[in-house]
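Okay, structure first, notes after.
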Amino acid sequence: MSYVIHYVDPAQGSGSRVLPMKFADKEVALDNARMLRRSGFRISRVEGPHFEVSGAAVEAISARSV
C-alpha cells in the first residue's frame, strides 16, 4: 500500500506530474503535499488505497493546519 502526490510544477508547464516517491502512511503523504504547496507547487491530488483527496481539499487541509 502506498500513497502518491500529483502536483503541477510551474517550471515544467501546466501538466500534472506524479511525485516519484511513494509514502506508506497517508498522513506523511499529506504532510509532504503541504510542504510542496508551501514551496510553490500546486497539488492536484493525493491518492492511495481507498483514498483520494483533490487539490482543493489539500489546500483546505493546509489552511487549517498552518
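FYI, it's all coordinate maths here, none of it is from the lab. A quick note: this is a predicted structure, and the numbers were derived from the prediction, not measured. Quick reminder, even Gly has a Cβ in these numbers, built from the backbone with ideal geometry, and neighbours come from all protein chains shown.
Each of Arg38, Arg45 was scored by other Cβ atoms within 10 Å of its Cβ. Arranged with the fewest first, they read Arg38, Arg45. Cβ-to-Cβ counts within 10 Å put Arg17, Arg37 in ascending order as Arg17, Arg37, the fewest first.
Can you sort Val28, Val46 by how many other beta carbons sit within 10 Å, fewest first?
On the way: Val28 11, Val46 26.
Lowest to highest Cβ neighbour count: Val28, Val46.
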